[in-house]
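Undergrad: Structure in structure tokens, see below.
The values are calculated or read from the model by the stated rules, or taken from the named source; none is laboratory data. Since we're looking at a predicted model, the values are computed, not measured. Cβ: placed from backbone, ideal geometry, glycine included. Neighbour counts: every protein chain shown.
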Amino acid sequence: MANDKTNCVVNRSPRFSFLSEDQKQTIFHGMLKVLQDTGANVHHEKAREIFKKHGCRMDGIRVYIPPNLVRQALQSVPLMTTIFDWEGNPRIYVEENRSYFGPGPTLVYFRDPYTMERRKCLRKDATTVARVCDALPHIGFVEGLVTISDVPRGTDDVFEFADMIQNTTTPIMAWAYHRGGARDIHRIGCIMAGGEEAFKKKPNYILYSEPISPLVSDFHAIDKLMYCAEHGIPQDYSPCAIGGGTVPATHAGQLVVALSESMVGVVLSQLINPGTCIILGGVQSILDMRRGIYSYGAPELNVLSGGLTEMARYCGLPMFGTAGCTDTKVMEIQSGIEAALQIHTSMLTGANFVHDCGYTESGKTGDIFQTVMDDEIISMARIIEDGIEVNEETLAVDVIDNVGSGGHYLYEDHTMKWFLKHWRPTLMDRQSYEDWDKAGRQTMQDRIIRKTRDILENYEGPISRVPEEVKKDIQKVIDGAVERVERDGL
Amino acid sequence: MSEKLGKIADGLLHGKIKEVAELTQELLDEGMDPEEILQKGLFAGMDVVGKKFRDCEMFIPEVLRSAKAMHAAMEKLRPVLSEESSSKAGTVVMATVQGDLHDIGKNLAGMMMEGAGFNVIDMGIDRKTEDIVAMVKDKKPQILGLSALLTTTMPKMGEVINALKEAGIRDQVKVIVGGAPVTDDFALEIGADAYAPNASIGTEKALELVKG
């Protein structure tokens, strides 16, 4: 009925935005001005040569990028990219307004899911994260949450990826120290895909690198970016901008600098390989001026991530957002509040890869319990994002007429069909007091721990589907990585 | 004259850089003992700043502004102060180790240490081990602050400590290490004297270490 109306506008989902078109344009122009007049340091001679060849003004390691080069790059970035699992199924559509959530990379500590102690990260933790994420239906991509400490230093990037990709079919956002690690990770990605050609058709991971805020690209970050561009590997080039520390304390100023930092990578990637997939974004939050920490729970993180998401969309680029993280040390009310606000805002703004689900202690400790809680919050946020469907069937005027005044809808076929769309909790408590009491008065924390351990003890993941030959080939890459670091150093 | 000392302390608290420097110069011109200006004006003010920061009544940018005012006043005082008095706490050399370009944490720690009365020599980022050792030899600081943000550059901090040993000057300087991936265990493992999880704890540890 409603859909048949002439010139009818339908909201498929809620409308939400921080910035108007005019404001976005103003911020975009601010970025162009910074890139043109302030420039950015690029600690990579070959990269600088490419910039220079394409008309950038240079001053030592400083590169000044003219607006036309930015515009040209934004014209060649792909409209959409699909990321597949290693079994060949499409899993992530990198395009406007599609949000996928996942953990974040390289934390110093990991909360042991059994002893509950905060301790150094171990190799087995990466597998834990991969297996749990594989079992969580609302986690769309995986990062390791760990910096593995019990393998040779400088090879943990390769160990982590090798272990994780075999323990989840959810695509991985990987990271590497240097080009060497990136190359080994790519070898593993190709082995899992069934060869280099197969990977080109169906890329199964994304590589993440990070410029240093403010406006610095160090050698290895740019070197990895160049490697990915050369090999058509989807990649993410996004900074951790610290409001009031490495960037202005004003949100608009932060967006200008953060965008500029990523744009250096976007331009270079498109000069090397026009059409290669690149994602911008990163962690956008503020320096807590009392404690001196980079806050992972500040409400400003939501505003900044949302604003940058809108700027990314304005540029035609996918967004690497942040949510599901917290400043707390252990699971408690604060971690739930911070994660819920972040996930809800990210969902409403439509960031593409929303990372850091499972980040606690302001980005210092990985906590898989937080990731499990986040999974539930994501499912709730999706219901909100799903909005209100309005058509003849959902309007249900005839059902309303049939039931009339008084009575109930529990017998109706319409109810039978549509109640299935209602959200169902897996962790949230809706028991009666008596049932809750009888079941041992469990809190949210208790239920999260039980669910996590249940996954760890009863869910195997896809590891048994990885062919023996593939496992052997991956082991060869790992051995090669250890030799490489022994030979070349860190 | 003592009224002006109070104004210096108050000016420090409110980060009035120009005013604090001018008042210091005026008192010097009026013939006050520089040691008295230092103790009763500047250190008195910075003690309040330190207390207010610990009590969460002042914020980092305000503390850094106070440190800058302190620095401006010291520029006036240093030429007429004895070597010993010109750095209440001592000298700190700070550097981000080779291969690492990160510096926000190091900068913050350096500025806070300056505010606590240290004479801070910041060598900047990506500094070679031999350069850091040469600086320690040259400036003879009480504290060496080393920073690294990358797991791959962290071992360079151990390398610096070993190079200090080889140069025979390890026992002349206390080494504090910091940076996001650095842990207490790591600091112990490489033989550092202290680990600073953040700038203010780093400053506290530096003060403890110089006290001995």
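Undergrad: At positive phi, more than 20 Å from the chain's Cα centre (by Cα) and either within 14 Å of chain B (Cβ to nearest Cβ) or at pLDDT below 95 (or both): which single residue out of A:GLY154, A:GLY181, A:GLY195 fits that description?
TA: On the way: A:GLY181 fails: at positive phi; A:GLY195 fails: either within 14 Å of chain B (Cβ to nearest Cβ) or at pLDDT below 95 (or both).
Residue meeting the stated conditions: A:GLY154.
Undergrad: Suppose we keep only residues that are closer than 16 Å to A:LEU136 by Cα and among the polar types (S, T, N, Q) within the stretch A:442-471. Which one would you say is surrounded by the most Cβ atoms within 10 Å (Cβ to Cβ)?
TA: Only one residue fits best here, namely A:THR452.
Undergrad: Could you give every pair whose Cβ atoms fall below 7 Å, whose first residue belongs to the stretch A:186-199 and is assigned by TED's automatic domain parsing to the domain that holds A:GLU230 and aliphatic (A, V, I, L, M), and whose second residue is at pLDDT 95 or above and not in a helix (DSSP H, G or I), counting only separations of at least 6 or pairs across chains?
TA: A:MET192/A:TRP86; A:MET192/A:ASN204; A:ALA193/A:TRP86; A:ALA193/A:LYS202; A:ALA193/A:ASN204
Undergrad: Can you confirm whether A:VAL266 is within 14 Å of another protein chain (Cβ to nearest Cβ) and closer than 19 Å to A:ASN68 by Cα?
TA: Answer is no for this residue.
Undergrad: Related question: Could you list, in sequence order, the residues of the stretch B:21-37 that are among the aliphatic types (A, V, I, L, M) and touching a Leu at 6+ places or on another chain (Cβ under 6 Å)? Quick ask: steps written out before the conclusion?
TA: If we filter the stretch B:21-37 for residues that are among the aliphatic types (A, V, I, L, M), which is where we start, we get B:21, B:23, B:27-28, B:32, B:37.
Passing the criteria: only B:ILE37.
Undergrad: Turning to a different aspect of this structure: May I ask you to list the residues in the stretch B:137-161 that are closer than 24 Å to B:ASN198 by Cα, in a helix (DSSP H, G or I), out of contact with any helix residue (DSSP H, G or I) (no Cβ under 6 Å at 6 or more places or on another chain) and of a type outside the set (A, V, I, L, M, F, W, C)? First the steps, then the outcome.
TA: Going residue by residue through the stretch B:137-161, those that are closer than 24 Å to B:ASN198 by Cα are B:141-161.
Filter once more, so that each one left must be in a helix (DSSP H, G or I): B:155-161.
Applying the additional criterion that residues be out of contact with any helix residue (DSSP H, G or I) (no Cβ under 6 Å at 6 or more places or on another chain) yields B:155-158, B:161.
Those that are closer than 24 Å to B:ASN198 by Cα, in a helix (DSSP H, G or I), out of contact with any helix residue (DSSP H, G or I) (no Cβ under 6 Å at 6 or more places or on another chain) and of a type outside the set (A, V, I, L, M, F, W, C): B:PRO155, B:LYS156, B:GLY158.
Undergrad: Another question, then. Name the residues in the stretch A:86-111 that are buried (at least 22 other Cβ atoms within 10 Å of the Cβ), more than 14 Å from chain B (Cβ to nearest Cβ) and part of a loop (DSSP other than H, G, I, E, B), would you?
TA: If the condition is that a residue be buried (at least 22 other Cβ atoms within 10 Å of the Cβ), more than 14 Å from chain B (Cβ to nearest Cβ) and part of a loop (DSSP other than H, G, I, E, B), then A:TRP86, A:SER99, A:GLY102, A:PRO103 are the ones that fit.
Undergrad: Still on this model: Any chance you could count how many residues in the stretch A:271-297 are surrounded by fewer than 24 Cβ atoms within 10 Å (Cβ to Cβ), aliphatic (A, V, I, L, M) and within 14 Å of chain B (Cβ to nearest Cβ)?
TA: Count: 4.
Undergrad: I've got another one for you. Tell me whether the stretch B:93-107 contains one or more residues that are of a type in the set (A, V, I, L, M, F, W, C), within 14 Å of another protein chain (Cβ to nearest Cβ), surrounded by fewer than 22 Cβ atoms within 10 Å (Cβ to Cβ) and without any contact (Cβ under 8 Å) to a residue 60 or more places away in the chain.
TA: As a first pass, look at the stretch B:93-107 and keep what is of a type in the set (A, V, I, L, M, F, W, C): B:93-95, B:97, B:101, B:104.
With the extra rule that they be within 14 Å of another protein chain (Cβ to nearest Cβ), the set shrinks to B:97, B:101, B:104.
Restricting the remaining residues to those that are surrounded by fewer than 22 Cβ atoms within 10 Å (Cβ to Cβ) gives B:101, B:104.
When the remaining residues are screened for being without any contact (Cβ under 8 Å) to a residue 60 or more places away in the chain, the result is B:101, B:104.
Yes - at least one qualifying residue is present in the stretch B:93-107.
Undergrad: Residues to consider are B:ILE190, B:ILE201, B:ILE132, B:ILE176; find the one that is within 18 Å of the chain's Cα centre (by Cα), of a type in the set (A, V, I, L, M) and within 14 Å of chain A (Cβ to nearest Cβ). Give the steps one after another, and end with the answer.
TA: Values: B:ILE190 fails: within 18 Å of the chain's Cα centre (by Cα); B:ILE132 fails: within 14 Å of chain A (Cβ to nearest Cβ); B:ILE176 fails: within 14 Å of chain A (Cβ to nearest Cβ).
Sole residue among the options that is within 18 Å of the chain's Cα centre (by Cα), of a type in the set (A, V, I, L, M) and within 14 Å of chain A (Cβ to nearest Cβ): B:ILE201.
Undergrad: Pull up the stretch A:190-236, narrow it to residues that are among the small types (Gly, Ala, Ser) and out of contact with any Leu (no Cβ under 9 Å at 6 or more places or on another chain), then point me to the one that is farthest from A:HIS44 (Cα to Cα).
TA: A:GLY194
Conditions tested, residue by residue: (1) of a type in the set (Val, Ile, Thr); (2) crowded, with 20+ Cβ neighbours inside 10 Å; (3) within 14 Å of another protein chain (Cβ to nearest Cβ).
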{"residue": "A:GLU310", "(1), (2), (3)": "no, yes, no"}
{"residue": "A:GLU338", "(1), (2), (3)": "no, yes, no"}
{"residue": "A:GLN342", "(1), (2), (3)": "no, yes, no"}
{"residue": "A:VAL354", "(1), (2), (3)": "yes, yes, no"}
{"residue": "A:CYS357", "(1), (2), (3)": "no, yes, no"}
{"residue": "A:SER362", "(1), (2), (3)": "no, yes, yes"}
{"residue": "A:ASP374", "(1), (2), (3)": "no, yes, no"}
